[in-house]
Amino acid sequence: MTTTIPIGLTVDGRHHDLDVDPRTTLLDALRERLGNTSPKKGCDHGQCGACTVLVDGRRVLSCLTLAVAKDAAEVTTADGLAPDGALHPVAEAFLAHDAYQCGFCTPGQVCSAVGVLDEAAHGAPSAVTDDLTGPTVLDRAEIAERMSGNLCRCAAYTNIVSAVAEVAGDAARRGSTVEGADR
Amino acid sequence: MTVLDARVMGTSVRRVEGPDKVTGTARYAADQPVDAPLHLHPVQATVARGRITGLDTGAARAVPGVVGILTPDDAPRLADLGDPELRVLQHHEIHHRGQYVAAVLAETPEVAREAAGLVVVTVAEEPQVTAFDEHSPARHPAATLANYAPPTSGIVDPDAALDAAAVTVRATYTTPVQHHSPMEPHATVAAWDGDHVVLYESSQGVAGARDTVAALFGLGEDDVEVASPHVGGGFGAKGSLHAGTVLTVLAARTVPGRAVKRALSRREMFETVGHRPATVQHLALGATADGRLEAITHDVVASTARIEEFGEPTATGTRAMYAAPHRRTSHDLVPLDVDPPTYMRAPGEAPGSFGLECAMDELAVALGLDPIELRVRNEPEVHPESGVPFSTRNLVACLRRGAERFGWSARPPQPRASLVDGWWHGTGVAAATFPAIRFPGSTAVIRFRHGRYEVEIGATDIGQGARTVLTQIAADALGVPTDRIEVAIGDTALPRGTVAGGSSGTASWGSTISEAADRFRDKWGDDPEEGAEADAATPDNPWAGELSMAAYGAQFAEVAVHADTGEIRVPRLLGVYAAGRILNPTLARSQFLGGMVWGLSMALHERSVVDPRFGHVVNHDLAGYHIAAHADVREMTAEWIDEDDPYVNPMGSKGIGEIGIVGTAAAIANAAYHATGVRRRELPLM
């Protein structure tokens, strides 16, 4: 067999040691080696966003990330955003707004939304931000722009933006970042 | 027919599998846990037509971790079902670019892929035709259409009526090849045990998948098990089995006792699972000076595959839309050396409504008449071709309600009337229809156990919400709350269910469950004993053939076109539908909006570009084949007219999965004309 390289990954709070083929993507390591199928493989080319996970708190496309490059990283999937049996506020909002249909892109959308909320809380601008000096306000246009790397062929876009806007509004009222997105 | 009292139907019950989907724990085909599965990577043809003259697998076999290589020389034999697409590795002919010519089985996906790249295929190339040209010498009338409607229809003398009409519009509209592109690639997990095979399959219909696999391998029905617990979208691409599944099941046949797991690559999705064919549509409308249609002709040429004819039913929607004494529809096909086209969301109606509804807009302009008024003046009293009455038809109500909601009365009648900050703004309208279909052939079983009703039917949830809506229907049919209903779907271990396609699922499965519930209550009353059980097959609709049954809708679009670049944005879309009883408003709205976004995507982005030299789709991934993204979608509204239709089925519902796309691209094109004064008759518009 091919040479393998030992790495350690913490996934959804649990540590794993594993030997990986250096060609193995983080997505395949999660799915095929660790049995965590929450992130999905929609394109394997970084073009659809279904594989989005949080790595050390930031959203990444796990299909474009080699597992060997993430030794010692902390990975959070949509399944690990909240403690067992609980739902993250973003996931709750997705349910309330029917922000999904087939559900295949949904774990990636949820992780991406958690990343978006954190990025905005830290003042990161987007291509549609008019004022680069003030605080970032997540209106619908901002959310849609920032979520555009996550395709949804069922096209639940309107409801996804509503779900994220609700959580963004709650976060803004609390004056804090959302739970699970601290870095 | 019993019409059910709606207590839970009509309420916005949340999707029953919601928590599993938002956490990613819902298991799709490739997510199923299997012990030490083998992985498969295909070798695909790099020419569109020819013959394999040699396959050198030596280097591939030498890669550590390779378990086996399948070629046409040694792959297990399959029965010939008369479907060339399914004759995977059974011969040496190449019929289309991307056809499977070999495959590598290995312990890991990385090794399988590496070794597949080392297989050397020698091919004797033959002349191929992959460019669609309506003037091709191979053009011929369609023998059949995919919706089983007659390929041609005609009444009286439309050509003479067109020549004599006061006002005539003659125009040609084109739509390109499009690919379904569900987010979940087709995936199969297959494991053989002797002459018994178990599949997890990403399929819109487990029964059809089982039937095909059983027939191909010469097995009995009971020796093939198929489960599709969750399906990541299908849109028609997963309605029937394609070559990729056959390849995986073939490969698994060579390693009995071991599972083989494979999801198609995104590129394979542009080569092996079908597409919406290209169309050229010649429309002619003749009207009196006051806007009464005298003649409608809709003559279509569409692409198909040389190996298997698929007749896109492009103009059959036109047969139902507007009154006119003289009329004709026709469908010709041009065969190409490509993989066979297949059903794609609103096959026929989606491309066909672009032609008809743009032509209606052009006629309104020629007449100096409001486009809504033109449609109202040509509203038929009975089906314009068959002459049968409509069960319900509320197209005019949709147009009127939409006009009010959209602010249509403020619209300037002339085009090129509004330039704001460098963007031309305009609005457009189009009408829509989609037939209300019920497929026969499902069976439902209802069993009372531990105080709850178990409802079993081999239906499929592809995101439309079948699990949830069938729970609502069962609750009302049995007269109990939803928490006493347990619906089981998506498995051949359950009674047979028909395919999730043709916007037929809820009507077909719901009618069956309603019938089974009637029998259950007749037999056991409302206080059944433990283990009480009843079943029923899909009942016939006594009104079938007596009435024309379809959903109707009106699409409204606001478009902004950049004065310098021509970039088109769609700041506002409104769809108003009349589709019988809406069983779950929240889920219905999601489906309508999803369909409308498909129409937007079709209008602005979607086009599979075929390189005629090599026969492949050049933009064969999601970076090149654009589908609408978050940023494309602005203000979108879907709503509906309350419609009481006691003829369609016991729920009073019409299918809603496809009508959202119908007419939407035309509304956007018509709005773009209104914005700029420039008429584009080709999709996509930019």
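I need the P(r) histogram for segment B:268-391: all alpha carbon pairs, bin width 10 Å from 0 out to the longest distance, whole percents.
Distribution as computed: 13, 39, 28, 15, 5, 0 percent.
Taking a temperature of 4 °C and a viscosity of 1.567 mPa s, what whole-number D in µm²/s does Stokes-Einstein yield for the protein assembly as shown with Rh from Kirkwood over alpha carbon pairs?
The diffusion coefficient I find is 46 µm²/s.
Starting from 0.36 nm per residue, how many nanometres of slack lie between B:Thr53 and B:Glu404 once their C-alpha separation is accounted for?
Gain in length upon complete extension: 119.7 nm.
Among B:330-338, B:504-512, how do they line up from the highest to the lowest mean number of other beta-carbon atoms within 10 Å?
Packing order, densest peptide first, comes out as B:504-512, B:330-338.
I need the helices of chain B that pass two filters: whole DSSP H segments spanning 20 Å or more by Cα along the axis, and mean Kyte-Doolittle score no lower than 0.5.
What comes out of the filter, once short or polar helices are dropped, is B:349-367, B:585-604.
Within a Cβ distance under 10 Å of B:Ile462, other residues only, what is the Lys/Arg minus Asp/Glu net charge?
After counting each charged neighbour, the total is -1.
Could you give the dipole magnitude of segment A:60-183 about its Cα centre, charging the beta-carbon of Lys and Arg +1 and that of Asp and Glu -1, in debye to the nearest 20?
Its charge dipole is roughly 220 debye.
So what's segment B:171-324 giving for Rg/Rh, alpha carbon basis, Kirkwood Rh from the mean inverse pair distance?
Here Rg/Rh amounts to 1.16.
For chain B, what size does the Cα cloud have along each of its three principal axes, sorted from largest down, in whole Å?
Cα extents, longest axis first: 75, 70, 51 Å.
If you take every DSSP beta bridge whose two residues both sit in the protein assembly as shown, what share of them, in percent to the nearest 5, is antiparallel?
Beta bridges within the protein assembly as shown, antiparallel portion: roughly 75 percent.
If each DSSP helix of 4+ residues adds -39,500 (n - 2.57) and the sum is divided by the residues in chain B, what number results at 222 nm, nearest 500 deg cm²/dmol?
Per the formula, -7000 deg cm²/dmol.
Using only the alpha-carbon atoms, how far is helix A:157-174 inclined from the longest principal axis of chain A? Give it as 0 to 90 degrees, nearest 10.
Taking the Cα atoms of chain A, the angle to A:157-174 is about 80 degrees.
What order do you get for B:Phe439, B:Phe132 when you list them from fewest to most C-beta neighbours inside 10 Å?
The most exposed by this proxy come first: B:Phe439, B:Phe132.
Can you tell me the equivalent ellipsoid semi-axes for segment B:518-660? Use √(5λ) from the Cα gyration tensor, largest first, whole Å.
Semi-axes from the Cα gyration tensor: 42, 21, 16 Å.
On a full-extension model of 0.36 nm per residue, what is the gain between B:Ser418 and B:Asp540, subtracting their alpha-carbon distance, rounded to one decimal in nm?
The span from B:Ser418 to B:Asp540 would gain 38.6 nm if fully extended.
Considering only the other residues whose Cβ falls under 13 Å of the Cβ of B:Arg327, what net charge follows from Lys and Arg at +1 and Asp and Glu at -1?
Net of charged neighbours comes to -3.
Once you have all Cα-Cα distances for segment A:89-174, histogram them in 10 Å bins from zero and send the whole-percent values.
19, 55, 23, 3
With N set to the residue count of segment B:1-134, report its C-alpha Rg divided by 2.2 N^0.38 Å to two decimal places.
Normalised Cα radius of gyration, segment B:1-134: 1.58.
How large is the convex hull of the C-alpha atoms of segment B:439-537 per residue, in Å³?
Measuring per residue, one finds 79 Å³ for the Cα hull of segment B:439-537.
Quantify how strongly other chains surround peptide B:633-641 by giving the mean number of their Cβ atoms within 10 Å of each of its Cβ atoms.
For this peptide, the per-residue mean of nearby foreign Cβ atoms is 3.
Calculate the FRET efficiency for B:Arg7 and B:Arg521 from the Cβ-Cβ distance with a Förster distance of 22 Å, rounded to the nearest 0.05.
0.90
Among B:Phe354, B:Phe406, what is the fewest-to-most ranking by other Cβ atoms within 10 Å?
B:Phe406, B:Phe354
Only counting other Cβ atoms within 10 Å, I'd like A:Thr10, B:Thr245 sorted with the fewest neighbours first.
Exposure proxy ranking, most exposed first: A:Thr10, B:Thr245.
Within segment A:123-140, what residues put their amide N at less than 19 Å from the label point 7 Å along the Cα-to-Cβ vector of B:Asp564?
A:128
If the cut-off is a Cα-Cα distance under 12 Å, which aspartates and glutamates reach B:Lys261, setting aside same-chain residues fewer than 8 apart in sequence?
A:Glu32, B:Asp31, B:Asp35, B:Glu107, B:Glu201
Along its principal axes, what span do the Cα atoms of segment A:1-58 show, with the longest given first and each in whole Å?
Computed over segment A:1-58, the largest-to-smallest principal extents equal 31, 27, 19 Å.
B:Ala350: net charge of surrounding residues, Cβ under 12 Å, Lys/Arg +1, Asp/Glu -1, itself excluded?
-3
Let's test this: bin the Cα-Cα distances of segment A:1-153 at 10 Å from zero up to the farthest pair and state each bin's percent.
So the P(r) values, bin by bin, are 11, 39, 33, 14, 3, 0.
Step through the table entries B:Lys238/B:Lys654; B:Lys238/B:Lys523; A:Lys70/B:Lys238, compare each Cα-Cα distance with 32 Å, and write down the pairs that go over it.
B:Lys238/B:Lys523; A:Lys70/B:Lys238
Gap in Å between the Cα centre of segment B:642-676 and the Cα centre of segment B:226-288?
26
State to the nearest 20 debye the size of the charge dipole of segment B:1-86 about its Cα centre, where the only charges are +1 on K and R beta carbons and -1 on D and E beta carbons.
The calculation lands at about 320 debye.
By a straight-distance test (C-alpha under 16 Å), which lysines pair with B:Lys21 as possible cross-link partners, with residues fewer than eight away in the same chain excluded?
Hits, sequence-local ones excluded: A:Lys40, A:Lys41.
With unit charges on the beta carbons (Lys and Arg positive, Asp and Glu negative) and the dipole taken about the Cα centre of segment A:89-174, which residue among A:Met147, A:Ala121, A:Ala99 sits farthest to the positive side?
Looking along the dipole axis, the top candidate is A:Ala99.
Each value in this text was obtained by applying a stated rule to the coordinates, not by laboratory testing. Everything numeric here is computed off the predicted structure, so don't read it as measured data. Here Cβ is always computed from backbone atoms with ideal geometry, including for glycine, and neighbour counts include all displayed protein chains.
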